[in-house]
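Note sheet for the following structure.
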Amino acid sequence: MSWTNYHGHCKFCDGHGQIEEYIQQAIKNNMKAIGISCHAPVPFDCFWTMKPDDVDDYLQQIQELKLKYQSNIHVYTSLEIDYIPGITGPDHPILSDINLDYKIGSIHFVDKFKNGTPWPIDGSFDEFTKGLDEIYNGDIKTVVQRFFQLNREMINTQSFDIIGHFDKIKMHNVTKPLFDENADWYLREVNDTLDCIASRNIIVEINTKSYERNGLLFPGVELFPKLLEKEISVTINSDAHYPDKLEIGYEYVAGELRKAGFKTLKEFVNGNWTDVEFNKYGLLW
Ligand SMILES: [Zn+2]
Ligand SMILES: [Zn+2]
């Protein structure tokens with residue numbers, strides 16, 4: 001049995017470990033494919049994104065490793081690209097010139113602090129509350145609505161393959177309940193976003209990055225039936241920042257997807273996203 005991972009980070013951004021270490025670990029895990037997807041550069045200071053000067057080296061390293069390990073595993077070149085209106089996005093000319101196998105589109109920034117720097121919403125709890133108070137006067141509902149609105153804007157205006165952790169804004173509820181995830185207004189935001197995803201045929205990843213730490217999935221198990229009902233394709237990604245985290249939570253997620261009625265996952269095969277059957281223990285290819 002084997003899995004894949006299309007969303008992972010390495011030393012070129014905020015991940016730990018060289019690209020080759022991820023590939024070697026993936027081979028050890030008997031994985032069939034691994035995509036390297038560092039945070040794409042942004043045109044302002046940010047400690048967790050790749051530096052623009054490193055992009056060529058990044059692409060070249062992956063290219064060399066693709067060839068070196070071609071008989072063991074498929075290695076794919078990708079980037080996790082932020083969408084910030086008027087600043088950057090998957091279709092921004094600087095990024096769209098880069099030759100990638102596929103793209104992940106994600107929202108990590110919601111509007112700007114008073115000093116003009118974009119506010120990352122998935123950093124520390126302190127940073128989150130700082131933005132919440134400074135930019136939104138503590139109005140969490142408006143922040144959450146803005147987050148989903150940005151996701152929909154990205155879906156409707158940009159081209160990319162996988163939407164990264166589309167409900168990540170809920171992550172801080174673990175530290176302190178900030179809003180009710182069962183409230184009608186919240187479920188409406190989620191539902192509207194899923195409708196956009198469905199209409200543009202974008203793949204939803206079940207992102208397991210936080211699963212080990214606090215049991216969170218993006219999106220959670222409760223949304224699996226809705227994804228199926230809307231005929232949205234899903235794939236399982238670990239968003240690994242360490243080589244040994246490549247398959248965190250996969251067995252649990254696969255089991256829950258099966259229980260919800262999913263029979264296939266979207267997998268990248270010969271340059272095309274393809275439905276592949278799976279069970280709790282791996283892909284059936
Ligand atoms: Zn991300
Ligand atoms: Zn990521």
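Conditions tested, residue by residue: (1) within 16 Å of ligand 1 (Cβ to nearest atom); (2) of a type in the set (Phe, Trp, Tyr); (3) under 30 Å from Pro85 (Cβ atoms).
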{"site": "Tyr22", "(1), (2), (3)": "no, yes, no"}
{"site": "Asn30", "(1), (2), (3)": "no, no, no"}
{"site": "Gly35", "(1), (2), (3)": "yes, no, yes"}
{"site": "Pro41", "(1), (2), (3)": "yes, no, yes"}
{"site": "Asp45", "(1), (2), (3)": "no, no, yes"}
{"site": "Trp48", "(1), (2), (3)": "yes, yes, yes"}
{"site": "Lys51", "(1), (2), (3)": "no, no, yes"}
{"site": "Asp56", "(1), (2), (3)": "no, no, yes"}
{"site": "Leu59", "(1), (2), (3)": "no, no, yes"}
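Output the residues belonging to segment 4-23 that are among the aromatic types (Phe, Trp, Tyr), in contact with a helix residue (DSSP H, G or I) (Cβ under 9 Å, 6 or more places away or on another chain) and assigned to a loop (DSSP other than H, G, I, E, B). Across segment 4-23, the qualifying residue is only Phe12. Only a single criterion out of (1) charged (D, E, K, R); (2) more than 15 Å from the chain's Cα centre (by Cα); (3) within 16 Å of ligand 2 (Cβ to nearest atom) is not satisfied by Glu247, namely (2).
Scan Phe148, Phe113, Phe125 and give me the residue that is in contact with a strand residue (DSSP E or B) (Cβ under 8 Å, 6 or more places away or on another chain), of a type in the set (Phe, Trp, Tyr) and modelled with pLDDT of 95 or more. Break it down into steps so the answer makes sense when it comes.
Numbers: Phe148 fails: in contact with a strand residue (DSSP E or B) (Cβ under 8 Å, 6 or more places away or on another chain); Phe125 fails: in contact with a strand residue (DSSP E or B) (Cβ under 8 Å, 6 or more places away or on another chain).
None of the other options fit; the residue is Phe113.
Does segment 253-274 contain any residue that is among the polar types (S, T, N, Q), within 16 Å of ligand 1 (Cβ to nearest atom) and outside any loop (DSSP other than H, G, I, E, B)? No, there is no match, as no residue in segment 253-274 is among the polar types (S, T, N, Q), within 16 Å of ligand 1 (Cβ to nearest atom) and outside any loop (DSSP other than H, G, I, E, B).
Kindly establish whether Val55 is of a type in the set (A, V, I, L, M), crowded, with 19+ Cβ neighbours inside 10 Å, away from ligand 2 (no atom under 16 Å from the Cβ) and not in a loop (DSSP other than H, G, I, E, B). In short, no. Within segment 106-134, the set of residues being buried (at least 18 other Cβ atoms within 10 Å of the Cβ) and not in a strand (DSSP E or B) comprises Ile107, His108, Ile121, Asp122, Phe128, Gly131, Leu132.
On the basis of being under 30 Å from Trp48 (Cβ atoms) and either in a strand (DSSP E or B) or touching a Pro at 6+ places or on another chain (Cβ under 6 Å) (or both), does Phe278 make the cut? Considered against the rule, which asks whether it is under 30 Å from Trp48 (Cβ atoms) and either in a strand (DSSP E or B) or touching a Pro at 6+ places or on another chain (Cβ under 6 Å) (or both), Phe278 comes out as no. For segment 146-189, what are the residues that are out of contact with any helix residue (DSSP H, G or I) (no Cβ under 7 Å at 6 or more places or on another chain), closer than 30 Å to Leu100 by Cβ and more than 16 Å from ligand 1 (Cβ to nearest atom)? Passing the criteria: Arg146, Gln149, Glu153, Thr157, Ser159.
The values are calculated or read from the model by the stated rules, or taken from the named source; none is laboratory data. Source: prediction; values computed, not measured. In this analysis, Cβ positions are derived from the backbone assuming ideal geometry, glycine residues included, and neighbour counts consider all displayed protein chains.
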